[in-house]
Every structure is written in structure tokens, then in C-alpha cells.
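Participant: If you scroll down you'll find the structure; I have some questions about it.
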Amino acid sequence: MADLFDRYRVIDVDTHLTEPPNVWTDRVSSKWGDLVPHIERRDDEDAWVVGDKVIFKPGAVSMAGFDGTVPDHPATYADIPNACFEADARLKHMDENGIYAQVLYPNVGGFGSQTFLRLEEPQLMLECVSAYNDFLTDWTSPAPERFVAVTALPFWDIEAAVNELERAATKGHRAVLFPSQPHDFGQPALGERHWDRLWAAAQDAGLPISFHIGGQDLSGLSKDRAKIGPKANFARISSLSFMENAKGIAELLFSGICHRFPNLDFVSVESGAGWIPSLLEAFDWQWRNGGVSKEHPEWDLLPSEYFRRQVYACFWFEREALGTAIDQYPDNILYETDFPHPTS
């Protein structure tokens, strides 16, 4: 088995880091007091708190090895496997499971960094983003070749976002997290030229852009209007959130971003891959049928061709539909586990 792992290095392109309790309290100015994200014990559970508001529960995203399903989850850090938040334990877990490298996504800050907006104070928001990125640099330092750090961005401030991207690149970060629907948070739509400075900076730094599901405003999708129950509702949300990333892919392919930045890669994370061929077939059909090439003669490729050149999707459980995706786009389909999330 060891020989097999030596010959084929498995890269897990979507895992999550359960942030330790001191991520922000050790790195953000104490002048902000209890507005700095910190852990408190609430109703016998560890919870991330800002001011007097609970914003997150670490156990809810640290389900590896847990005998239960959402909404049940580990209550405290003592109940969470060390591999969720300790680098040495994570490396051991990777070795035991034949994983050479892992791409690391956050939890507390949101899957598009949108949760930082809840801090409300602009300077505090920036400090907390930078603090997370500094923590990530430190956490990955025992094995930077095996841990792929994904930079969080203050996307609500384009100048600060570009600066943070460039700063993180100098510290060895290798990808950038971005919401696929920034207009959900009062920002320009993904396809607007407002973002070109950011795309240019990422392209120059050689950092791909990651669109992780849940990096959108899912408040409408999350509502259990039919009262089907928390477990059924979670399964519904987890499935339909794939299509939220599909909207981001459409923005990429129909707005000229890939044409303007031909050396910039994009990854649709935790959104599955079996649906990719059907979507791209529809894109190409509508492109031709709608006369897009006449409206934009400068766009010299079909949507599926831009996708093949610059866009990637990830899978972890699919079987039946996945074969077609791999057959048609063998170089664009990546493997993930989503460790240690509930769906992993």
C-alpha cells in the first residue's frame, strides 16, 4: 500500500480546518474587547461568540468519527477529533488514509468570507481577515508542501482585497476564496469589471479562485417552509447548494472573465461534478442559438471550451453521472473528501 501511495499522490482538494479557540484572540487587538471572535460555553456547547451573539458552533462542522447526523454534533472541542484542528494530528490522519496533500478551507469566517461582515466595524473586519490568514500561514508551516492554504479576502473592499491577496501570496498561500455571488452581500455582480483588478492580481500571483458552496446568501434556501424536519431540510439544502455554484460558473463563462484572464483558474468546490456536462451543453446551445458570437466577437471560445481551459469541479460521492463528466472533461474533475464536515 505504501508503494501505491508513493507512486500516486492523492490530493484532497476540499477539506476544512476547525479553527482553534485562540485564532483571533491571539492576533487581533484587545481594544475590540468581546467583539473579537472568541469561544464561550453556551448551553453546554462550545460556541463562537461576537459581542453577545453566537455566530458559529465548531462541533457542527467537525463531524468526522461522530456517531450521528445533522443537527446532532459534537458539543465541545474535547469531543472533536484532534485532526480537525491540530496540524500534526491532521498529518497523521492523512498518512493513515493515503492522502498526500489537502486544500484547507475555513469555517468560522464563512465559505466565501461573508461571515466577517457580521463584525460590522470595517477595521475589525479587516484585522480579523488578516489574522485568519496569518494563523493559516502558521498552521500550515509544519508541512507547507502538504497543506494548501486558501486565502480569505475582505471582498467588500476591493483595494483591501487586492492588498491581502498579494500579502498572502508572499506568505505561501496557494489559492483564494471568493463568493460566487458577491451581489448577495451588496457588492457588484461577479461578471462586472469592478473585480478585474482582483482577477489580474490573482493571475499575476498564480493563485486560482475558489468558489465554495455556502459562500452565497443561503438564507432563503435554508428556510424549512414545508416543515419537513431538520435532517430532511439539511439534505435538501446540501443538494441544491450545488446549483448556487452553477450560477457562478455561468457568470464566469458568459461575462468574458475567462477571455480577459486566460491564465486564471477557477474551482467550483464541494458542488459535485455529474451535472457539469448537461450544464455546459446547455450553455453552448444557448450561446450559438442566441447569437452571442455576433454580440461579442472577441470571445473566441464556446463556454465549454473556456471551462475546459480554466474551470474545475470537485466530487466525493457521485458514481453514476460522474462517468460522463470524467469522460468529457478528464482534466477538469478533482477529488475531495470534505473532511471533517457532515457530508464527508
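A short reminder: the numbers here are calculations on the coordinates, not readings from a lab. Everything numeric in this text was worked out from a predicted model, so none of it was measured. Neighbour counts run over all protein chains shown; Cβ positions are idealised from the backbone, glycine included.
Participant: Please identify every one of the trypsin sites (Lys or Arg not before Pro) in segment 182-253 that sits in a loop by DSSP and has no more than 16 other beta carbons within 10 Å of its own beta carbon.
Facilitator: Lys223, Arg225, Lys227
Participant: Follow-up question, since we're still on this one. Considering amide H positions built from the backbone, and no H for Pro or chain starts, which residues 5 or more places from Asp14, or on another chain, come under 5 Å of its amide H?
Facilitator: For Asp14, the qualifying residues are Val103, Thr337, Asp338.
Participant: Express in nm, to one decimal, how much length is gained between Met243 and Glu298 on full extension, taking 0.36 nm for each residue of separation and deducting their alpha carbon distance.
Facilitator: This chain segment gains 17.0 nm when fully extended.
Participant: Note down the net charge around Phe283, summing +1 for each Lys or Arg and -1 for each Asp or Glu among other residues with Cβ under 13 Å from its Cβ.
Facilitator: On the way: positive: Lys247, Arg288, Arg308; negative: Glu251, Glu281, Asp284, Glu305.
Taking every Cβ under 13 Å from that of Phe283, the sum is -1.
Participant: Now for a separate question. What whole-number volume per residue, in cubic angstrom, does the convex hull of the C-alpha atoms of segment 127-272 give?
Facilitator: Roughly 130 Å³ of hull volume per residue.
Participant: If you don't mind, there's one more thing I want to ask. Along the three principal axes, how long is segment 1-149 when you take its alpha carbons, biggest first, rounded to the nearest angstrom?
Facilitator: 53, 33, 22
Participant: Where Lys and Arg each count +1 and Asp and Glu each count -1, what net charge lies around Leu136 among other residues with Cβ under 10 Å from its Cβ?
Facilitator: -2
Participant: Hey, got the Cα dimensions of segment 188-286 along the principal axes, in Å, largest first?
Facilitator: Here the spans come out as 47, 29, 21 Å, largest first.
Participant: Right, another one. Using the Karplus curve 6.51 cos²θ - 1.76 cosθ + 1.60 with θ = phi - 60°, work out ³J(HN,Hα) for each residue of segment 112-125 in order, rounded to whole Hz, and write x for Gly and Pro.
Facilitator: Rounded to whole hertz, the list is x, 6, 6, 5, 4, 4, 6, 6, 6, 6, x, 5, 5, 4.
Participant: Once label points are set 7 Å from the Cα along Cα→Cβ at both Asp6 and Asp72, what is their separation, rounded to one decimal in nm?
Facilitator: 4.3
Participant: Over the chain, what is the mean sequence separation of C-alpha contacts under 8 Å (at least six apart), divided by residue count, expressed as relative contact order in percent? It would help to have the intermediate numbers written out before the result.
Facilitator: On the way: 572 pairs, mean separation 62.2, N = 344.
Averaging sequence separation for qualifying contacts and normalising by length gives 18 percent for the chain.
Participant: If I take all pairs of Cα atoms in the chain, what percentage of them are more than 30 Å from each other?
Facilitator: For the chain, the share of Cα pairs beyond 30 Å comes to 36 percent.
Participant: If you restrict to DSSP beta bridges whose two residues both lie in the chain, what percentage is antiparallel, to the nearest 5?
Facilitator: Taking every DSSP beta bridge with both residues in the chain, the antiparallel ones total about 30 percent.
Participant: Right, something else. Name the long-range amide H neighbours of Ile55: under 5 Å, sequence gap of 5 or more, or other chain; modelled H, no Pro or chain starts.
Facilitator: The list, which skips near neighbours in sequence, is Trp48, Val49, Val50.
Participant: Given the C-alpha centroids of segment 60-129 and segment 223-286, what is the distance between them in whole angstrom?
Facilitator: 23
Participant: While we're here: Direction-averaged shadow area of the convex hull around the Cα atoms of segment 222-264, nm²?
Facilitator: 3.9
Participant: Moving to a separate point now. Provide the FRET efficiency to the nearest 0.05 for the Leu117-His259 pair, computing r from the beta carbons and using R0 = 35 Å.
Facilitator: Details: r = 31 Å, r/R0 = 0.88.
The formula returns an efficiency of 0.70 here.
Participant: Now for a separate question. What value, in deg cm²/dmol to 500, does the helix sum -39500 (n - 2.57) over DSSP H runs of n ≥ 4 give at 222 nm once divided by the residues of the chain?
Facilitator: Calculated mean residue ellipticity at 222 nm is -10500 deg cm²/dmol.
Participant: Using Cα pairs under 8 angstrom and six or more residues apart, how large is the relative contact order of segment 223-344, in percent?
Facilitator: Values: 116 pairs, mean separation 33.7, N = 122.
Relative CO of segment 223-344 lands at 28 percent.
Participant: Do any of Lys171/Lys223; Lys53/Lys223; Lys31/Lys57; Lys92/Lys231; Lys223/Lys247 go past 29 Å between their Cα atoms, and which?
Facilitator: Over 29 Å apart, Cα to Cα: Lys171/Lys223; Lys92/Lys231.
Participant: Sort His341, His183 so that the residue with the fewest other Cβ atoms within 10 Å of its own Cβ comes first and the one with the most comes last.
Facilitator: His183, His341
Participant: Test of understanding: in a Gaussian network model of the chain with alpha carbons linked when under 10 Å, which of Thr15, Thr137, Thr25 would top the mean-square fluctuation ranking?
Facilitator: Thr25
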